[in-house]
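In what follows, a structure is listed as structure tokens, so that the remarks can point back to it.
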Amino acid sequence: MILIATMVFALTLQVFMRFVLSSSLAWTEELSRYSFIWSVYMGGVLAVKHTQHVRITAQLLVLPPKIRVAVLMFTDTIWIVANFFIAYQSVQVLKCAFEFPEISPTLGIVKGYVEAMLPASFLLMNLRLIMKYWHLVKNHELMSLAQIGGGEA
């Protein structure tokens, strides 16, 4: 919410400056862009928390519930591994970004801080996925994964 509010504030300020005062502020565009980038990736983390990521599930409807759960667990495991891979590769790139820093033109910050959203968001997605399974196992609700589209097929 803070990131979206920052983006809206920066864009509103820029519009006000351009249309009312016939001037502009260069840093507002950069701040709104960086806020937008961070909010998109953090929105992905929130989508994992609420199980709202896009997922094709029609093919699962023909499977028995136990097989359906196994397939979903398998695909989530692949997702977790892919997230760790992306986070690891992002950290490798970030090492270079901080060793040879590129400074943003108007805000004067190291762009590596903006790019740090990649490993942070993918690791947080994994944390949310693991928390989801922990909750399901702890409460003996693993079979609830078999419900697709709000009900049993």
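The values are calculated or read from the model by the stated rules, or taken from the named source; none is laboratory data. It should be emphasised that the depicted structure is a prediction, and the values quoted were computed from it without experimental measurement. Heads up, the Cβs are rebuilt from the backbone with ideal geometry, glycines too, and the neighbour counts pull from every protein chain shown. Note: accessible area is taken over every heavy atom of the protein model, side chains too, but ligands, DNA and RNA are not part of it. Shrake-Rupley method; radii C 1.70, N 1.55, O 1.52, S 1.80 Å.
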Counting only protein chains, not ligands or nucleic acids, how are Lys132, Lys49 ordered by accessible area (probe 1.4 Å), most first? Lys49, Lys132
The simple spin-label model distance between Trp27 and Ala120, using points 7 Å out along Cα→Cβ, in nm, is 1.9
In what order, largest first, do Glu30, Glu102, Glu115 sit by accessible area if the probe radius is 1.4 Å? Glu102, Glu115, Glu30
Phi to ³J(HN,Hα) by Karplus 6.51 cos²θ - 1.76 cosθ + 1.60 over the range 133-146, Hz, x for Gly, Pro: 5, 4, 4, 5, 5, 4, 9, 6, 10, 4, 5, 5, 5, 5
According to a simple spin-label model (label point 7 Å from Cα along Cα-to-Cβ), what is the distance in nm between Thr57 and Leu136? 1.0
Only Cα pairs under 8 Å and at least 6 apart count here; give the relative contact order of the range 17-153 as a rounded whole percent. 34
Separation in nanometres of the label points that stand 7 Å from Cα toward Cβ, at Leu13 and Val110: 2.4
Two-decimal log10 I(q)/I(0) for the range 7-48, as the Debye equation yields it once each C-alpha is a single scatterer, q = 0.22, 0.34, 0.35 Å⁻¹: -0.66, -1.04, -1.06
Using a ≥ b ≥ c from the Cα gyration tensor of the chain (square roots of the eigenvalues), is it rounded, prolate or oblate, where a/c under 1.5 gives rounded and otherwise the larger of a/b and b/c decides, a/b for prolate? prolate
Probe of 1.4 angstrom, ligands and nucleic acids ignored: what's the accessible area per residue over the chain, in square angstrom? 66
Ignoring everything except DSSP H segments at least 4 long, calculate the 222 nm mean residue ellipticity for the chain; use -39,500 (n - 2.57) per segment, divide by total residues, nearest 500. -23500 deg cm²/dmol
